[in-house]
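Trainee: Before anything else, here's the structure in question.
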Amino acid sequence: MNRLNHTWTSLLILIVGPVVGTLQGTKARRKWIFRIKRSSEERRQRQEREKLLRSGSPLLDDIELAAFHQ
């Protein structure tokens with residue numbers, strides 16, 4: 001399911017991004033793409049945290065996660 005969501009998000013960016021760039025300019029296109037990518041990334045992180053919480057693992061902040069995975 002995550003792979004499908006990632007595919008749809010990428011497809012949305014590839015199709016709508018140039019349209020926004022043509023109508024509103026390059027700066028607006030970059031801001032729109034950044035907003036879509038950020039919301040997708042936040043949604044993915046939220047799902048991972050909920051999954052960890054359900055499994056009984058303690059919630060870690062970003063610094064702890066980075067140190068934990070290396």
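Trainee: How large are Rg and Dmax for the range 2-68 when calculated on the C-alpha trace, in angstrom?
Mentor: 16.0, 48
Trainee: Suppose R0 equals 22 Å. What FRET efficiency, 1/(1 + (r/R0)^6) with r the Cβ-Cβ distance, do L11 and E48 give to the nearest 0.05? Walk me through the numbers before you get to the answer.
Mentor: Numbers: r = 23 Å, r/R0 = 1.03.
After rounding, the FRET efficiency stands at 0.45.
Trainee: How many nm is it between the label spots at K31 and L59, if each spot is 7 Å from the Cα in line with the beta carbon?
Mentor: About 3.1 nm, to one decimal.
Trainee: 222 nm [θ] for the chain, helices only, -39500 (n - 2.57) per DSSP H run of 4+, per residue, to 500?
Mentor: -29500 deg cm²/dmol
Values in this text are rule-based calculations from the coordinates and carry no lab data. Here the structure is a predicted model, which is why all the values come from computation and not from measurement. Neighbour counts run over all protein chains shown; Cβ positions are idealised from the backbone, glycine included.
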